[in-house]
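Chemist: The structure's right below; bear with me while I get my questions together.
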Number of protein chains: 6
Amino acid sequence: MSGGTQAGAGVTDVLVVAPHPDDDVIGCGGSIAKHVRDGARVTVVIVIGRERSALDDAVTDEEFAAETEAAAKALGVHRCIRFDEPSRDFALSRRVHLDLVRVLREVRPQVVYLPHDNDDDVEHRMVHQLTVEALWMARSEFFQEAGGPPLPAPRLVLGYEVWAPMARFQYAEDIGGQIETKVEAMRAYVSQLRHAAWDEGVRGLARYRGAVSSGSGYAEVFQVLSLTAPPPPAAAGGGGRD
Amino acid sequence: MSGGTQAGAGVTDVLVVAPHPDDDVIGCGGSIAKHVRDGARVTVVIVIGRERSALDDAVTDEEFAAETEAAAKALGVHRCIRFDEPSRDFALSRRVHLDLVRVLREVRPQVVYLPHDNDDDVEHRMVHQLTVEALWMARSEFFQEAGGPPLPAPRLVLGYEVWAPMARFQYAEDIGGQIETKVEAMRAYVSQLRHAAWDEGVRGLARYRGAVSSGSGYAEVFQVLSLTAPPPPAAAGGGGRD
Amino acid sequence: MSGGTQAGAGVTDVLVVAPHPDDDVIGCGGSIAKHVRDGARVTVVIVIGRERSALDDAVTDEEFAAETEAAAKALGVHRCIRFDEPSRDFALSRRVHLDLVRVLREVRPQVVYLPHDNDDDVEHRMVHQLTVEALWMARSEFFQEAGGPPLPAPRLVLGYEVWAPMARFQYAEDIGGQIETKVEAMRAYVSQLRHAAWDEGVRGLARYRGAVSSGSGYAEVFQVLSLTAPPPPAAAGGGGRD
Amino acid sequence: MSGGTQAGAGVTDVLVVAPHPDDDVIGCGGSIAKHVRDGARVTVVIVIGRERSALDDAVTDEEFAAETEAAAKALGVHRCIRFDEPSRDFALSRRVHLDLVRVLREVRPQVVYLPHDNDDDVEHRMVHQLTVEALWMARSEFFQEAGGPPLPAPRLVLGYEVWAPMARFQYAEDIGGQIETKVEAMRAYVSQLRHAAWDEGVRGLARYRGAVSSGSGYAEVFQVLSLTAPPPPAAAGGGGRD
Amino acid sequence: MSGGTQAGAGVTDVLVVAPHPDDDVIGCGGSIAKHVRDGARVTVVIVIGRERSALDDAVTDEEFAAETEAAAKALGVHRCIRFDEPSRDFALSRRVHLDLVRVLREVRPQVVYLPHDNDDDVEHRMVHQLTVEALWMARSEFFQEAGGPPLPAPRLVLGYEVWAPMARFQYAEDIGGQIETKVEAMRAYVSQLRHAAWDEGVRGLARYRGAVSSGSGYAEVFQVLSLTAPPPPAAAGGGGRD
Amino acid sequence: MSGGTQAGAGVTDVLVVAPHPDDDVIGCGGSIAKHVRDGARVTVVIVIGRERSALDDAVTDEEFAAETEAAAKALGVHRCIRFDEPSRDFALSRRVHLDLVRVLREVRPQVVYLPHDNDDDVEHRMVHQLTVEALWMARSEFFQEAGGPPLPAPRLVLGYEVWAPMARFQYAEDIGGQIETKVEAMRAYVSQLRHAAWDEGVRGLARYRGAVSSGSGYAEVFQVLSLTAPPPPAAAGGGGRD
């Protein structure tokens, strides 16, 4: 009923870069589900591994991995890639940049999601920086060791909010039809919910964002980091594009 | 069950400065109700009058005033003062500063609430500026035309969020026991809810703020603009200290 | 040859808000010409009148008006509206907001251009503030004295650069095919060029922006202030849109 | 005569995190002395070791350590912990975070001091970041390798100024009764004073801050980074207020 | 003994723009005295008049004017011009801009002082804005109603600190030889000192700035707002300049 | 014909710190040529080595080094020092700080150029930070392992623009007489120009900056990071300086 996403038209591939497991759900889980509904393949990269000292006995690595998988499945994520960088020892090396360049050139997304530039967690800000830089690298002719031909500029690069909401946003996605899916995905993180009621937290934020952005319903809001020109309508119907 | 507000102990008077009707409810309605529960008198100043062209036929001035009254009553507000400054012609004159100085010196609040310094509405930012300046003026020995002796420094001056959530906050108030009162006060603005579901919006934001600040429940979060020393325990209970 | 503008597909109406005559040419003259080429009607609002003390004898009001007209004609502007607010006595009143709301509701643009939020001239920043506020007002159901039904959210709202280039931009328009038209429009301001070589200045900035944004050619770059969802492809080919 | 510190009532433990030796004295030496006077134990953590190339012959490590000890003694510091991280090779590793979490869980402070978020030295800003992160970690149930049960939220977290004074502050501490102690502690750093007259510098800044914040005397001013609710009066101990 | 001011070489005229009486002394009183010592004429413009409600009975207008005069005399100010704009009703009109343009074109200063761009008083920030704009206007060929030929670009435009010290500064003036004169000028404001010990406050800040900027002594620090090329040494000794 | 640079008078040595080869040409190539014309020795430090994966086959290391040399020669650079830090693995260690301190103490520049503090490339911002820190270190009595006596404060420290133009600048250098030399130096980077037309890009930016700063011609604009007092005119004519 409500319109498709901005990139809904002709979008085949979407990439979401998440600092930690569940940041993708909190930040843009509703938009992921909407892209999937519209027929796109959504790939999620989780940069940093599980917090190593998170009550190790209580939850095994297998159980935790199963939670991530269940959340991804709930949203309809096509593929989930884990870099397993060390939590709180994470550094922005050439290697991790190239790892992300490789993924970008493989997935060739038209839409990219990453944490916004002022989130209230230092690892979120580092992953913002990493992704912005990797996007530049992936589009250049250099860095051939990461394989693949240069990435065409994604149509839209969006910053999402997790720990710090944005004072200003430039794009709002109506997720009225996806809010229950988003909450369900959040609930797949059973071990996390013991510590914080993020399932109700994400529903709450989406409700507030709905009221602020359109007067009702549920929404996810984003910082527009980059927008490029879609083909003109004639070309769109005809074939090739620049 | 949950603790009192920071200033709950020994607070007798609270002042809330709102740019427009209902900003007090959205920004700190739960905290107002909590102050009232703890025995404080809460005074609300609404600086700017009703939007003059808000579908004038649909709601009469009397109906609109009745809504404001009903909201104040729901929260337990002691007194509601309207300055009726003209919407979108509002300017920061000496006169309006003195009007607010007069109220500050009469109410002599220990806690003051105002919009935070980066809210996403120009009139909210003007009322922030007005209140910060009026607090300085009220505390000085000058401006005797506003009457009253100088105001002692309030114990706590807090900035609340309405249109733009804060990227960082310094104080969170648990409003788990007041959330339904807050939503009810919001619903008193029947004519406003036709345009935006602020009743559900405020509940949603409080839920997100609860999850972020303490892992669960409902919260209102604030920018700490000024904090001064509370009375020494001697005063509090008998003994001497510095 | 090069692709159309972002909003090129299906855009029928564009509004450019300029603080002073020639800011529209400097900030987005190439994009205006591109919209015109793509079949859109472009309306320009010039908020502030001619600097009253600009060497009054040297250029008559008629000569100056003729220059503005010639520049608009060079770009293919459909209609140029002058508010003639007083230079350096300009204030953000309710009246001037309603004047702009009226234009917005008449033109009903899909794309809006205004100065970016940090331009290095106080009147440019005031016109930024005015336009953001007027966009909100025009979209609401209130302010019926400005006439017209509420404005649908424009597809794209873009901030342009004049006196201060932007440290970061989110959208770049290739104006390789329009640069000569832009320079020609600039040269229509004969009396201005006596004081500053803006004709060569705009060509220079466009060249730098071309090198930075795509490696060559000429570009205008923009701050993305608001983006809303375009119709899904089916709708695009079929007819109606949200 | 003058009031106690904000956290003076019922404060038993205070933690000061200093990037280098003497930053604690410059930033909050007067407040430290006041806490000590009020009966609190003050622990100081010095994160980074002595500048290795500071004219090594002139002052031995023993002499330098003796200076630090003398300064701490002058203020009445309970315990001084040195992490001895390498100067100008300092990095924010997981290890150093856990080291600080361990101290936080042992000391269990009600008040924490750290450099403000915009001090004009990169290592000061890194220690700000480290402390904010360690506070979050110490309060969580994770990171059991750092020992101890989770830290209750400190009542007050304050940012102090050393190299860059703050444009805005939210809390001022009257140190009229402690200024001589602060200057004396500063003078214990005999080898430092050869290079800069910080003893007179800190007296000067305190005098300016006194004039600005209360019209006279001496003050230290702070950024309020976090404030939490004290126990309600009943819980506090039976009668009076916190 | 210590070197001259930056603009000491060949400076004949200096203009200081002060929001209120005494801001010139607090912000750059030492530098004023140093310019005077070096043979320059210093003109002070005080934009806003005496606070109208400042305990009117205690100090007459004549007494207050005498204080301002005494302070100016202590520093060696050549001429003090009062605009007497209304306090807290001050607005940035075309008229007040032209008033300042007129002074700029008469005085033709090589060095200009004004409040820095982030001082903690709204009228200070307005006077910053006013002066930056008036400098632009004075240098243009327009605004002939303000008289005089266009102003050559001043060699140096500096922002001084009063209510909010600067986080970063770009220029420090050694005022070791002028600090007593500065304090004496401050003490001329007898009626002001009853309310705040600014005489000791300015000495304190200068001492801190001395320690931070050069390790000892007294200094005033400044934001560099504009710097233009001084004459090459040959020209400096010989005569003309570009 | 046009005046000398700000530091033209009596400047014997200039240091330019460039993150990568060609940043010196883009950021301040015209000013370098002007210093050389005025008789100064200009030393360039290039901190980060050649991008290792830049189409390695197409251009050999020798060919690339030859390009850098040709560019330096075109500008008249006295000496070019390469640190060859690893691209995208660059970290701010003590070692690299000391390397730059050593150069600073050897060259003893009166004028220093570095990237401005907000350039749009993370390595540019790191080199800004590195240089600011190394300047402080070089001026102190410590760090004797870097050799040399302490550096006197440079007369002028300027931030230049490459990837992100500055919103505000404080100093503009007229490079009308050097623009062709700058473009020629840029063209020496034959292998770079295959990817982006930086030769025309730098000409364009200089043209825009000329129009904005003086109404015509070509200019480079700078952030003033530090300015210190030159000797008074007598001393200037006489001989020694501090």
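The values are calculated or read from the model by the stated rules, or taken from the named source; none is laboratory data. Nothing here was measured: the structure is a model prediction, and the numbers come from that model. Every residue, glycine among them, receives a Cβ derived from its backbone with ideal geometry; neighbour counts consider all protein chains shown. Calculation scope for accessible area: heavy atoms of the full protein, side chains included, ligands and nucleic acids excluded. Shrake-Rupley method; radii C 1.70, N 1.55, O 1.52, S 1.80 Å.
Chemist: If I compute solvent accessible area with a 1.4 Å probe over the protein chains, what percent of it on chain E is carbon and sulfur?
Modeler: On the way: 4390 of 8570 Å².
After summing per-atom areas, the C and S share lands at 51 percent.
Chemist: Can you pull out the buried accessible area for chains E and D, both sides counted, probe 1.4 Å, rounded to the nearest 100 Å²? Each step should come with its number before you reach the end.
Modeler: Details: alone 11440 and 11500 Å², together 20840 Å².
Heavy-atom accessible area buried at this interface is about 2100 Å².
Chemist: Still on this structure: In square angstrom, what is the accessible area per residue of chain B with a 1.4 angstrom probe? Can you show the working numbers first?
Modeler: Numbers: 8400 Å² over 242 residues.
The answer is 35 Å² per residue.
Chemist: OK, next. Quick check on the stretch A:48-200: what does the Kirkwood estimate of hydrodynamic radius come out to from the alpha carbon pairs, in Å?
Modeler: On the way: mean 1/r = 0.0576 Å⁻¹.
In the stretch A:48-200 this quantity evaluates to 17.4 Å.
Chemist: Count the DSSP beta bridges whose two residues both fall in chain F, then state the antiparallel fraction as a percent rounded to the nearest 5.
Modeler: On the way: 8 of 27 bridges.
Around 30 percent of the beta bridges assigned by DSSP in chain F are antiparallel ones.
Chemist: Tell me the relative contact order for chain F as a rounded percent, counting alpha carbon contacts under 8 Å between residues six or more apart. Walk me through the numbers on the way to the answer.
Modeler: Values: 431 pairs, mean separation 57.2, N = 242.
RCO, chain F: 24 percent.
Chemist: Counting Lys and Arg as +1 and Asp and Glu as -1, what is the net charge of the other residues whose Cβ lies under 15 Å from the Cβ of E:Arg88? Spell out each step's value before the answer.
Modeler: Numbers: positive: B:Arg94, B:Arg95, B:Arg102, E:Arg50, E:Arg52, E:Arg125; negative: B:Asp99, B:Glu133, B:Glu145, E:Glu51, E:Asp84, E:Glu85, E:Asp89, E:Asp121, E:Glu123.
Value of the local net charge: -3.
Chemist: Hey, another quick one. Calculate the spin-label point distance for C:Ala66 paired with F:Gln129, positioning each point 7 Å from the Cα along the beta-carbon direction, and give it in nanometres.
Modeler: That separation, rounded to one decimal, is 5.9 nm.
Chemist: At 7 Å along Cα-to-Cβ for each site, give me the label-to-label distance between D:Gln144 and E:Ala58 in nm.
Modeler: Reported label-point gap for D:Gln144 and E:Ala58 is 6.4 nm.
Chemist: Which FRET efficiency value, to the nearest 0.05, is calculated for C:Val122 and D:Arg168 with the Förster distance at 35 angstrom and r the Cβ-Cβ distance?
Modeler: Values: r = 23 Å, r/R0 = 0.66.
Once rounded, the FRET efficiency stands at 0.95.
Chemist: While we're looking at this one, here's another question. Which value results for Rg/Rh of the stretch D:105-164 when Rg is the Cα radius of gyration and Rh the Kirkwood radius based on the inverse mean 1/r?
Modeler: Values: Rg = 12.6 Å, Rh = 12.3 Å.
Result for the stretch D:105-164 is an Rg/Rh of 1.02.
Chemist: Could I ask something else about it? Once both labels are modelled 7 Å past Cα along the beta-carbon direction, what's the C:Trp136-E:Lys73 spacing in nm?
Modeler: 5.4
Chemist: How large are Rg and Dmax for the protein assembly as shown when calculated on the C-alpha trace, in angstrom?
Modeler: 31.6, 87
Chemist: OK, next. Return the average number of partner chain Cβ atoms within 10 angstrom of each residue Cβ along peptide B:209-217.
Modeler: On the way: counts 5, 5, 11, 10, 3, 4, 8, 7, 2.
Mean shielding by partner chains, rounded to a whole number: 6.
Chemist: For E:Thr12 and D:Arg82, what is the calculated FRET efficiency with R₀ set at 56 Å and r taken between the beta-carbons, to the nearest 0.05? Don't jump to the answer; show the numbers that get you there.
Modeler: Values: r = 56 Å, r/R0 = 1.01.
After rounding to 0.05, the efficiency reads 0.50.
Chemist: Over the alpha-carbon set of the stretch E:185-229, divide Rg by the Kirkwood Rh and report the Rg/Rh ratio to two decimals. Walk me through the intermediate numbers first.
Modeler: On the way: Rg = 14.0 Å, Rh = 12.2 Å.
Across the stretch E:185-229, the Cα-based Rg/Rh ratio is 1.15.
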